[in-house]
Structures are given as structure tokens and as C-alpha cells.
1. Look through the range 153-191, keep the residues that are surrounded by fewer than 19 Cβ atoms within 10 Å (Cβ to Cβ), of a type in the set (Gly, Ala, Ser) and in contact (Cβ under 8 Å) with a residue 24 or more places away in the chain, and return whichever of them is farthest from ligand 1 (Cβ to nearest atom).
2. Looking at the range 203-218, can you tell me whether even one residue there is more than 22 Å from residue 24 (Cβ to Cβ), more than 16 Å from ligand 2 (Cβ to nearest atom) and of a type in the set (D, E, K, R)?
3. Would a scan of the range 63-85 turn up a residue that is modelled with pLDDT of 95 or more and within 16 Å of ligand 2 (Cβ to nearest atom)?
4. How about the range 12-33: which of its residues are over 20 Å from residue 204 (Cβ atoms), of a type outside the set (D, E, K, R) and assigned to a strand (DSSP E or B)?
5. So for the range 192-200 (the condition being part of a strand (DSSP E or B) and either crowded, with 17+ Cβ neighbours inside 10 Å or at pLDDT 90 or above (or both)), does at least one residue qualify?
6. For the range 133-148, name all the residues that are modelled with pLDDT of 95 or more, hydrophobic (A, V, I, L, M, F, W, C) and crowded, with 18+ Cβ neighbours inside 10 Å.
7. Return the pairs, sorted by first residue and then second, in which the second residue is surrounded by 18 or more Cβ atoms within 10 Å (Cβ to Cβ) and β-branched (Val, Ile, Thr), the first residue lies in the range 67-81 and is within 13 Å of residue 167 (Cα to Cα), the beta carbons are less than 9 Å apart, and the residues are 6+ apart or on different chains.
8. Among the residues of the range 39-85, which ones are farther than 21 Å from residue 198 by Cα and away from ligand 1 (no atom under 16 Å from the Cβ)?
Amino acid sequence: MQEFILETEGLTKEFRGFVAVSGVDLRIRRGTIHGLIGPNGAGKTTCFNLLTKFMQPSRGTIRYDGRDITAMKPAEVARLGLVRSFQISAVFPHLSVLENVRVALQRQRGGSYDFWRSDTVLRRYDERAMELLADVGLTAYAGAPAGTLPYGRKRALEIATTLALEPTLMLLDEPTAGMTHEDVDRIVALVRRVAQGRTVLMVEHNLKVVEGLCDAITVLTRGKVLAEGPYAEVSRNPAVVAAYLGSDPGVSGAAEVAHA
Ligand SMILES: Nc1ncnc2c1ncn2[C@@H]1O[C@H](COP(=O)(O)OP(=O)(O)O)[C@@H](O)[C@H]1O
Ligand SMILES: [Mg+2]
């Protein structure tokens, strides 16, 4: 087993001459929670799109779990366990919370998009769907239309549908964005729980969350890696302080700078 579940070399993405991701060497240690941070426009989401193969890199290679996945399609890497949390737009608002997870399970298990099988077949997924809802604290919401969930609970549902795909490496893009303090605490606990037995790579602006959750972080600025290492070490790095954390020594202040 490789020590690093994910390794990129010289990962680069250009958009019509604009270099959004530039020569990124990323190493994610198996079994850890790894944070990807950096100011808006740094290239974090583009990195995620490259890693999950939603975009093809202009240059560079991606190795996942010991194999070169650079030329693979999104569905192939998802099948190998590299899964990005769905965006809220991917939650079907008129389906119930339970049905949303069931659809995700069907994709994983059946490999077919034929939702309209017999009720008996569908019900086989319900048991597992209820387990996943319990994992993310949504048991009480199982029958509710997904569209009626409060924001923080929608993110939890998103995580449940991601878990349905049995990720080995789970990518979360700003899981606490736009949340109330209470929701943030709940998502932090949830990420910690779902990280057991897998690897998590997360983009996160809230540095308190990063500090509390992440074993290691990579700081991106203008598409390049500025620093990588444990949070305590990287957050003291003068280049990181200057470029990202700004002059404000307060962690929450810095997070706001990052959001600006
Ligand atoms: N599809 C695209 N076409 C052109 N430019 C893009 C595209 N996607 C992202 N960019 C640009 O690449 C840079 C990095 O964007 P992004 O990866 O979304 O940053 P982050 O997630 O760190 O905020 C930004 O300047 C953005 O405008
Ligand atoms: Mg982004």
C-alpha cells in the first residue's frame, strides 16, 4: 500500500493562456484529513476538477492509489473510490431525503440509471440508505423533500450521498461555507466521523475548522503551492502569513480575509 494515496506532479491547467493551476505537486497521505487552502481564485476548485477528472489537465500527472489516473474519465475514478461531494444543485429537491440517498446507492451498486425498477428492488437500498442517514444525523428527516431541508442539513445530505459511493478518498469543497456556528460544529464532527477509515481532502476557508480537523494542509496562491505541512507549522510560515493570512494575527479575521 502506498503511503500517499494521491500524488500529483506538475499539475497544470490553463484557460486560454491564463494559468489557473501551475505545476502543483500535491501529496496526500493515506488515512489523513488534508486541507487545501488559499485565497479566492487560487485554483482550489480547479484542482478538485482536475483530480476528479471533470477537467483534463494541460500538463502533469495524477497518481491515485498507485495508478496513473491522468487519462481516466470521471466515472472511472469515482469507481476507484475517488469521489467528490456533490454540490447542492445535485440534490434532487422534490425527492425525499431517503430517496436521494437511494438514487446514489443505485448508481454505486447497480451501475445503472434505471431507477424505475420494482419496489422490491428499490427497498433493498432503503436499509443501507437509512444507515447512511443515521451516520450524518438525518434520520428524522428521511421522509422530507430534500428541497425543504435547512442549508446545513442539505450539506449533510450531500455527504450521505457521497458516502453512498463508498469513497476511499473523499473530496469536500468548502463543506462549511455559508453555515451558522451550530451547523459548522455539526459538520466538523461529521467530517471527523466519516474520515475514519478513509482519506479526506477538503477545501475550507474557516481556518478554525482547518486547524481543528486537518492533519496537514497545502496552501495555494495564484495556482501554485506556497507551503505544505502540518497546520501549526504552515500557519507560522512567513510567506503564508504575508500572502494569505494577512497582517491580522486572529485566525477568524484571516478567514474573513480569505473570503473577501
Ligand atoms: N472554466 C474556467 N474558465 C476560465 N477561467 C477559469 C475557469 N475556472 C476557473 N477559472 C479561473 O481560474 C482561477 C482559479 O479559480 P478556482 O479554481 O475556482 O479558484 P478557488 O476555488 O481557489 O477560488 C480563477 O481566476 C478563475 O477565474
Ligand atoms: Mg473554489
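The values are calculated or read from the model by the stated rules, or taken from the named source; none is laboratory data. Keep in mind that this is a model prediction, so the values were computed, not measured. We place every Cβ from the backbone using ideal geometry, glycine too, and count neighbours over all the protein chains shown.
1. Filtering the range 153-191 for residues that are surrounded by fewer than 19 Cβ atoms within 10 Å (Cβ to Cβ), of a type in the set (Gly, Ala, Ser) and in contact (Cβ under 8 Å) with a residue 24 or more places away in the chain, the one farthest from ligand 1 (Cβ to nearest atom) comes out as 178.
2. Yes - at least one qualifying residue is present in the range 203-218.
3. no
4. Hits for the range 12-33 are 12, 15, 18, 19, 22, 23.
5. yes
6. Of everything in the range 133-148, those that are modelled with pLDDT of 95 or more, hydrophobic (A, V, I, L, M, F, W, C) and crowded, with 18+ Cβ neighbours inside 10 Å turn out to be 133, 138, 146.
7. 76/69; 77/52; 77/62; 77/69; 77/83; 78/52; 80/69
8. Those that are farther than 21 Å from residue 198 by Cα and away from ligand 1 (no atom under 16 Å from the Cβ): 61, 70, 71, 72, 73.
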